[in-house]
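**Student:** Input: one structure, supplied below.
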Amino acid sequence: MCGIVGGVTDQNITPLLLEGLNRLEYRGYDSSGLIVLSKQNSFERARSVGKVSNLEMNLKSRSKEINGKIGIAHTRWATHGEPSSLNAHPHISKNTVSVVHNGIIENYLELKNIQIKQGYEFKSETDTEVIAHSIDSEMQLGSSLVESVQKAVKSFEGSYGIGVISSKYPDQIIAARKGSPLLIGISENGNYIASDQMALLSKTNKFIFLEEGDIAEVKLDKVTIYDLDGKLVNRPVQKSKLKAGQVDKGNFNHFMQKEIFEQPQAIRDTLESRITNDSVISSSFGHKADEIFRSIDQIQIAACGTSYNAGLVAKYWIEDIAKIPCHVEIASEYRYRRPILLDNTLFVTLSQSGETADTLEALKAAKKINNTLKSLCISNSAESSLTRLSDLTFLTHAGPEIGVASTKAFTTQLVSLALLMCSIGKLKGYISRRQESEIVNGLKKLPGLINEALLQETQIKQLAKSFTNKNSALFLGRGTMYAIAMEGALKLKEISYIHAEAYPAGELKHGPIALIDKNMPVIAIAPNDELLEKLKSNLQEVKSRGSKMLVFEDENSKVQSMDSMKVIPITSNLGRISAPIIFTIPLQLLSYHVALSREADVDKPRNLAKSVTVE
Ligand code: G6P
């Protein structure tokens, strides 16, 4: 989603703001902007539509440099108001207050009508402008900047992470959060704010993570934090293990490609200290995990996008192997239903970022429905809103994922879910020591198997060319491979803009077969499992309708290659747990190369954001 960076330093802040924006661009990027307070305490602002590079060009084209020691900046992913320079942040009220904002002020129309009557002139269509005017109007009544923010936020419904500067208070930034993440970076040369630590890694690795409702006054040498009730609070300074270099492309052309190839290591890192030679260390889910896992009778998973697809795979594993009823639901639907949540439910949220608003709200809604439930968050972000709200946390250790289309976060989520399934099944007595040992040994082989699958890249790159001019594609699978087909279809549509759908192969005859002709390529996944023969029959049905097919198979599946059907063996003897993880790899490579062949912006697909922190 949108990104915020800002700082008070003893040097010119503009280069830091630009660097931060570049590092945040993956979150959302239809426009960007920055504002600094000049030596004369006047606002100097630049805003541009499109990528941060456009803002850089805008700055270069100016006769006068934008220069100051305090400033705030923003990359925007449009929600209220189209992407345009006027709607880009920062917004200004009466040349006194300037604001950058992540989130949505849901009652902005109501506030706007009041402010128009008060004489405020609106320059944009955004909800953010009401924040600037609200703060300004409190200042006009005599409150200080921090007091004005404290008073103003009381009138906001919705979510916000904001950075505020004022020409009347040239030594400070006010940061406030509710529902949108915000942190403070601490360094000797100044203090900073950002929505994501990545923006600040080149300056510091010391961070304070603001909590819900916190408001902070950030000065060059001092940070003061107030909680929701205005009480002074101390929040711990935490050292981040992330390094600036981890968020570079290295020798790869794109972050997505780098992240696909990082999967063997990411999985090793996720397994490290979580397994012994032949067993899963269930306490790696938290010190209360054993007690909680023993007590649960069902699992409810809620997630969005790629994380939801990981949940679908886990449902098969959890019910088949650990014998616990498991439901999976899209979080944005779950939060508005009145679902039945029995006692002894483990509510699992899956989220790469740990900040997805719908997933967070689904968890909050579930807690309201049944306050006895226990919650577990599987996330790639140690300090996130979801992890803070959950009883148990399991980190995927995939490392920073920058490509908007999720790759290594997905496969490490699957590994984490396999460990969860195994821990629960073992503690409930449904998984024997021998089975556990087999599962663990299977997981240990994954990095090697992924490396083998990655060797298919050249061949897949070649095949991707036949998709360049297609408008649609159909992905087929059965069992866990249906969920992997969904993930394959999601990847293709996200980055190549080809319409793609996934179907359980057995459902083909109930509708989608009507779509099949020579212009609709079909991609199928054929593991060597108990459904293989049924899948082969489904493939015959497709073949006789003239479609071009691409089949990724287990070497032992022996699907017959022919003119209309290209079969690519990926590897052999994959088990129930390793198969969905390994078959994900060729689908990631396929969508990556199809997107490249269509000259699409792989890492920053249009209209998408890495982390969706608004509804
Ligand atoms: C966005 C991203 C998707 C991601 C989804 C859930 O829509 O574009 O790639 O899968 O959010 O994100 P999360 O961080 O909760 O896993």
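The values are calculated or read from the model by the stated rules, or taken from the named source; none is laboratory data. Source: prediction; values computed, not measured. For neighbour counting, all protein chains shown are included, and Cβ atoms are generated from backbone atoms with ideal geometry for every residue, glycine included. Side chains are part of the model used for accessible areas, which takes the heavy atoms of the whole protein and leaves out ligands, DNA and RNA. Shrake-Rupley method; radii C 1.70, N 1.55, O 1.52, S 1.80 Å.
**Student:** Quick one: length gained pulling residue 599 to residue 278 fully straight, 0.36 nm per residue minus the C-alpha distance?
**Tutor:** Residue separation times 0.36 nm, minus the Cα-Cα distance, leaves 111.0 nm.
**Student:** Let me ask something else about it. Which value, in Å², gives the accessible area per residue of the range 455-615 when a 1.4 Å probe is used on the protein heavy atoms?
**Tutor:** Ligands and nucleic acids excluded, the result is 41 Å² per residue.
**Student:** Given a 1.4 angstrom probe, what's the average accessible area per residue across the range 249-444, in square angstrom?
**Tutor:** 37 Å²
**Student:** While we're here: Might you work out the accessible area of residue 198 for me, using a 1.4 Å probe with all protein chains in place, and round it to the nearest 10 Å²?
**Tutor:** Accessible area, nearest 10 Å²: 20 Å².
**Student:** What percentage of the solvent-accessible surface of the chain, computed with a 1.4 Å probe over protein heavy atoms, is contributed by carbon and sulfur atoms?
**Tutor:** Roughly 48 percent, rounded to a whole number.
**Student:** Separate question: How big is the dipole moment of the chain about its Cα centre under a simple scheme where the beta carbon of each Lys and Arg is +1, that of each Asp and Glu is -1, and everything else is neutral? Debye, nearest 20, please.
**Tutor:** Details: 72 positive and 69 negative charges, 101 e Å.
I would put it at about 480 debye.
**Student:** What is the chain's relative contact order, in percent, from Cα pairs under 8 angstrom and six or more apart in sequence?
**Tutor:** The value is 12 percent.
**Student:** Kindly report the accessible area of the range 152-232 per residue (heavy atoms of protein chains, probe 1.4 Å, no ligands, DNA or RNA), in Å².
**Tutor:** Ligands and nucleic acids excluded, the figure is 36 Å² per residue.
**Student:** Work from the charge dipole of the range 455-615 (Cβ charges, +1 for Lys and Arg, -1 for Asp and Glu, about the Cα centre) and give the residue of 481, 466, 508 farthest towards its positive end.
**Tutor:** Highest projection toward the positive end goes to 466.
**Student:** Please report the spacing between the Cα centers of the range 280-299 and the range 355-406 in Å, no decimals.
**Tutor:** Taking the Cα centre of each part, the range 280-299 and the range 355-406 sit 16 Å apart.
**Student:** Loop-only trypsin sites (Lys or Arg not before Pro) in the range 364-405, please: DSSP not H, G, I, E or B, and at most 16 other Cβ atoms within 10 Å.
**Tutor:** Taking the range 364-405 and a limit of 16 other Cβ atoms within 10 Å, no loop trypsin sites (Lys or Arg not before Pro) are found.
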